[in-house]
1. When you look at VAL136, is it surrounded by fewer than 22 Cβ atoms within 10 Å (Cβ to Cβ), at pLDDT 90 or above and over 18 Å from the mean Cα position of the chain (by Cα), yes or no?
2. Report yes if some residue within the stretch 90-98 is of a type in the set (Ser, Thr, Tyr), closer than 22 Å to ILE56 by Cβ and modelled with pLDDT of 95 or more; otherwise report no.
3. With ILE43, ILE78, ILE56, ILE52 as the choices, which residue is under 30 Å from VAL147 (Cβ atoms), in contact with a helix residue (DSSP H, G or I) (Cβ under 9 Å, 6 or more places away or on another chain) and at pLDDT below 95?
4. Return the residues of the stretch 90-110 that are closer than 17 Å to GLY124 by Cβ, surrounded by 23 or more Cβ atoms within 10 Å (Cβ to Cβ) and among the hydrophobic types (A, V, I, L, M, F, W, C); say none if nothing qualifies.
5. Considering only the stretch 66-181, give the helices (runs of 4 or more DSSP H) lying wholly within it that have at least 3 residues that are touching a strand residue (DSSP E or B) at 6+ places or on another chain (Cβ under 6 Å) and closer than 16 Å to ILE52 by Cα.
6. Would you be able to tell me the number of residues in the stretch 158-178 that are farther than 22 Å from LEU114 by Cα and buried (at least 24 other Cβ atoms within 10 Å of the Cβ)?
7. Any idea which residue in the stretch 91-107 is farthest from GLY166 (Cα to Cα), counting only those that are touching a Ser or Thr at 6+ places or on another chain (Cβ under 9 Å) and touching a residue at least 60 places away in the same chain (Cβ under 8 Å)?
8. For the stretch 61-82, give me each residue that is farther than 18 Å from THR44 by Cα, surrounded by fewer than 21 Cβ atoms within 10 Å (Cβ to Cβ) and in contact (Cβ under 8 Å) with a residue 40 or more places away in the chain.
Amino acid sequence: MLKLSRIALACAFAFCAAAFGAFAAPAPAPIPAPPSVLPPPAITLAEARAIIDGAIAYARQHNAAMAVMVVDTAGNPIASERMDGVSLTYLQFAEAKAFASAMLRQTTEELSHLAKDRPDRYFGIMTMYPGKMYLVGGGEPLIVNGVMVGAVGVAALAQYEDEAAGRAGMAAWQRMRANRR
C-alpha cells in the first residue's frame, strides 16, 4: 500500500507540473556573453623565435650548443629550443633563468651576486620559488621603451657566454622590431 501511495504521489506531481507548466511565464532569452577580448601579447611568438634564432646563431659561431627559452612578463614560456646534443636539464635551467629575470626584473648575473652580498635575500628568493629560479648568469629581461615585455634565458654555454648568447638574441629581436616600423 505504501508503495502504491508513492507511485500515485509521483504521478500527481508530474501531472500538476505538466498542467501548470503550460501557464508559466516563458523563460527570458539568455543574454549573450560579451566577446572575449584578450590584450595583445607583449611579445609575439615571431619575436620570441627571432630571439631564439639570434642566440642559436651566436652559439653556432662559437661552435657550441645550448638551450634557450623566452618567457612573458609573468614568467610563462612563449617559445624554447634545445640544440642537438644538449640535455633537457639545460632547457630547465634556461627556463629558470628566464623566470627569475622576469619575476625580479633584472639580469640573473646581477642576481647571482646576492648569494655573496645579501645571502638573506638570496635564500629568501630561493625559498619563495623553490625549483623555479636559477640565479646564475644567463637570464636577461626584454625591455621595450622602458617597459619589460618578457625575458630570455640561456643555459649550457661557458661562464659569461650564456649572457652573450642572450644579448645576441636580443639584438636580433631589436633589428626585427626596427625593420617592422
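The values are calculated or read from the model by the stated rules, or taken from the named source; none is laboratory data. Owing to the predicted nature of the structure, the values given are computational and were not obtained by experimental measurement. Positions of Cβ are generated from backbone atoms using ideal geometry, with glycine treated the same way; all protein chains shown enter the neighbour counts.
1. Yes, satisfied.
2. Checked the stretch 90-98: at least one residue is of a type in the set (Ser, Thr, Tyr), closer than 22 Å to ILE56 by Cβ and modelled with pLDDT of 95 or more.
3. After applying the criteria, what remains is ILE43.
4. ALA96, PHE99, ALA100
5. 88-104, 161-180
6. Adding up the residues that qualify gives 3.
7. Among those that are touching a Ser or Thr at 6+ places or on another chain (Cβ under 9 Å) and touching a residue at least 60 places away in the same chain (Cβ under 8 Å), it is LEU91.
8. Correct list: HIS62, ALA64, ALA65.
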